[in-house]
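Read the figures in this text as sums done on the coordinates, not as results from a lab. Computed from a predicted model, the values in this text were never measured in an experiment. Quick reminder, even Gly has a Cβ in these numbers, built from the backbone with ideal geometry, and neighbours come from all protein chains shown.
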Amino acid sequence: MTIAVQIFWGSIILGICSVIHIAIIVWSVSLLRLIGPKLTRYSAKVRMGVMLSKAFGFVVISHTIQVWILAFSFVISNAIITIGDAIYFALTTYTTLGYGDIILDTNFRVYGAMASVTGLLNIGLSTAYLAGLLVRLLPWKNI
């Protein structure tokens, strides 16, 4: 794959993953708005724990879906042969940990780097979402 093709397909996968991530976050906000009023009989700590746990669960599900999408894209493009190696590589690349024990051929390196950009942007969005939720849930007057 040429660099332009790698950037193109990497951008497509980044877009797909980001749309999925944003949709899950928006959906989880809607769900949390429904659940929140039902928790008023519980203490503030319990409400905060339930709301954060549910939000965190949605974030984990979203990132897991994205890693699977990336892994399948590596296998489909023949950048990595086995699905196990592809999942491992996608996860370490998505989290920008990148051990370096699996290295892509030069025809796929930019495409692999796009997986890091995807993870960086969507993990950042998750962090902002969870931090914003935490700020809204914390009973500041009691701290």
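Residue-wise HN-Hα couplings along segment 76-84, as the Karplus relation 6.51 cos²θ - 1.76 cosθ + 1.60 with θ = phi - 60° gives them from phi, are 4, 7, 6, 6, 9, 7, 9, 5, x Hz; Gly and Pro carry x.
Cβ-to-Cβ counts within 10 Å put Asp101, Asp85 in ascending order as Asp101, Asp85, the fewest first. The string of couplings for segment 24-39 from the Karplus curve (6.51, -1.76, 1.60, θ = phi - 60°) is 5, 5, 4, 5, 5, 4, 4, 5, 5, 5, 6, 6, x, x, 6, 9 Hz, one whole number per residue in order, with x for Gly and Pro. Sites counted here are chymotrypsin sites (Phe, Trp or Tyr not before Pro) in a DSSP loop (not H, G, I, E or B) having no more than 15 other Cβ atoms within 10 Å; the longest part of the chain that contains none of them is 43-98. Every helix of 4 or more DSSP H residues in the chain counts as -39500 (n - 2.57), and over all residues that averages to -26500 deg cm²/dmol at 222 nm. As a length-normalised measure over Cα pairs under 8 Å and 6 or more apart, the relative contact order of the chain settles at 33 percent.
Couplings 3J(HN,Hα) for segment 6-19, derived from phi with the Karplus relation 6.51 cos²θ - 1.76 cosθ + 1.60 (θ = phi - 60°), are 4, 5, 4, 5, x, 5, 4, 5, 4, x, 4, 4, 5, 4 Hz, where x marks Gly and Pro. Using Cα pairs under 8 angstrom and six or more residues apart, how large is the relative contact order of segment 55-122, in percent? Dividing the mean separation by the residue count of segment 55-122 yields 28 percent. Rounded to the nearest 0.05, what FRET efficiency do Phe72 and Ile12 have when you use their Cβ-Cβ distance and R0 = 22 Å? In this case the efficiency is close to 0.95. Candidates Ala113, Ile80, Gly15 compared by Cα position along the dipole of the chain: farthest toward the positive end lies Gly15, with charges placed on Cβ. In a simple Cβ point-charge model (Lys, Arg +1; Asp, Glu -1; nothing else charged), segment 1-131 has a dipole of about 920 debye relative to its Cα centre.
For segment 54-108, the spread of Cα positions along the three principal axes, ordered from largest to smallest, is 40, 22, 17 Å.
Starting from the Cα gyration tensor of the chain, take the square roots of the eigenvalues, sort them a ≥ b ≥ c, and report rounded, prolate or oblate (rounded when a/c is under 1.5, otherwise prolate if a/b is larger than b/c, else oblate). Prolate shape, in that a/c is at least 1.5 and a/b is the bigger ratio. Applying 1/(1 + (r/R0)^6) with r as the Cβ-Cβ distance of Val5 and Trp27 and R0 = 35 angstrom yields a FRET efficiency of 0.60.
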